[in-house]
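Data block below; observations after.
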Amino acid sequence: MSLARLGQSLVRRLHRPLHLPPPLPPDHYATVSRSLALIHANTSVRGFASLAYNGGGVISGKFGGPSHVHTAQILELAVHLNHARPMSSGAGAAPKPPSLSEGVSFGGYKVALKADMPSPGFVFEPYRVPEPIPFWKRLFTPSGWSRTKEDAILQFMNAFTVSKLRKKIGYNKKQFQEQAFNIYKEVNKLIARGDIPSLQKALTDDMHSTVKNEIRKRQSKWKSVHWELVEPAVSIRTLKARMITLDKNDLNKAYVQLTLEFITKQKFEAYNSKREVVSGDKSKEVLVKDIWVFERSLFHPGAYWRVCARITL
């Protein structure tokens, strides 16, 4: 398969408008208490703040029918494919990881507890674990050739998104992962404390609404909880990078979504109104795997990274 044909195929794929699925029922999202009950069973579980997310669904529940949002596309991507120019490895200074519980800056800009930062309200191409395929099948079967082509397209989409981030904000993988880990840690702490107002800075509107409902459900069952993250993280991986453009003629009017996997050790314990332990054991470490989606606008002044979804595979 020639590089030019691959480029043409990728451009055709990306030029299709995105159609959003119908909203999910309110009971689709798993409750926090369900996740925490698994911790009590000493199993490897999703994190304290994890919510169930259907890869084919939407977070907001407000979108239905055709959307005018387009994926990153057209001439600049075609130039990348046909000329195969290497991406620059240089990166500007990354912003200091924010402290969400204080009125500090995000991305170098001072923000209030409630920041007016719009969001597309959905996750574009949610991450799924790739299906294993034997090497011989890739080489000698039509289905293997098709899979190889599809994988190449997805990798080009990742590379293009990262290239745009480097140009616009001086993206650096290691520094971003450190910043994302600090957000992950702070969000979990705020959820454990039930600090709904402070969470509003770190989450998109739809995510904040969902988490707020989960906190209230938890508080109706448990009076308080103890949550602790054992540092450092076991591992942090960037799984996917996607860009959502609002104007197909202007790639700078876009949102970027980066999907990260966190594997950490955590401690949890829940109490009733008499301060009696009713779930968990804070003396025990539990291995937890979370997949979170971080989102940032490339065109809003004062934009910074926020959590827009948490995915359950």
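The values are calculated or read from the model by the stated rules, or taken from the named source; none is laboratory data. Everything numeric here is computed off the predicted structure, so don't read it as measured data. Positions of Cβ are generated from backbone atoms using ideal geometry, with glycine treated the same way; all protein chains shown enter the neighbour counts. All accessible areas refer to the heavy atoms of the entire protein, side chains included, with ligands and DNA or RNA removed. Shrake-Rupley method; radii C 1.70, N 1.55, O 1.52, S 1.80 Å.
Things to note:
- Test for L246: is it in a strand (DSSP E or B), more than 26 Å from G280 (Cα to Cα) and open to solvent by 10 Å² or more (accessible area, probe 1.4 Å): yes
- Test: residue in the stretch 273-293 that is among the basic types (K, R) and on the phi > 0 side of the Ramachandran plot: yes
- Test: residue in the stretch 259-267 that is of a type in the set (S, T, Y), open to solvent by less than 10 Å² (accessible area, probe 1.4 Å), within 13 Å of the chain's Cα centre (by Cα) and modelled with pLDDT of 95 or more: yes
- The stretch 111-154, subset within 21 Å of A254 (Cβ to Cβ) and in contact with a helix residue (DSSP H, G or I) (Cβ under 7 Å, 6 or more places away or on another chain), residue modelled with the highest pLDDT: I153
- In the stretch 200-228, residue farthest from I263 (Cα to Cα) [restricted to those that are open to solvent by 20 Å² or more (accessible area, probe 1.4 Å) and not in a helix (DSSP H, G or I)]: K223
- Remark: R296 matches the filter, which requires a residue to be open to solvent by 20 Å² or more (accessible area, probe 1.4 Å), under 19 Å from F176 (Cα atoms), at pLDDT 90 or above and not aliphatic (A, V, I, L, M).
- The single condition among (1) modelled with pLDDT of 95 or more; (2) under 24 Å from V129 (Cβ atoms) that K189 does not meet is (2).
- Failed criterion for K267 (all others in (1) part of a strand (DSSP E or B); (2) closer than 30 Å to F160 by Cα hold): (2)
- Filter pass, R147 being basic (K, R) and not in a loop (DSSP other than H, G, I, E, B): yes
- Residues that are of a type in the set (D, E) and open to solvent by 50 Å² or more (accessible area, probe 1.4 Å) were ranked within the stretch 145-199; the one that is nearest to E125 (Cα to Cα) is E150.
- Just one residue in the set K284, K253, K274 is among the basic types (K, R), assigned to a strand (DSSP E or B), out of contact with any Pro (no Cβ under 6 Å at 6 or more places or on another chain) and surrounded by fewer than 22 Cβ atoms within 10 Å (Cβ to Cβ); that residue is K253.
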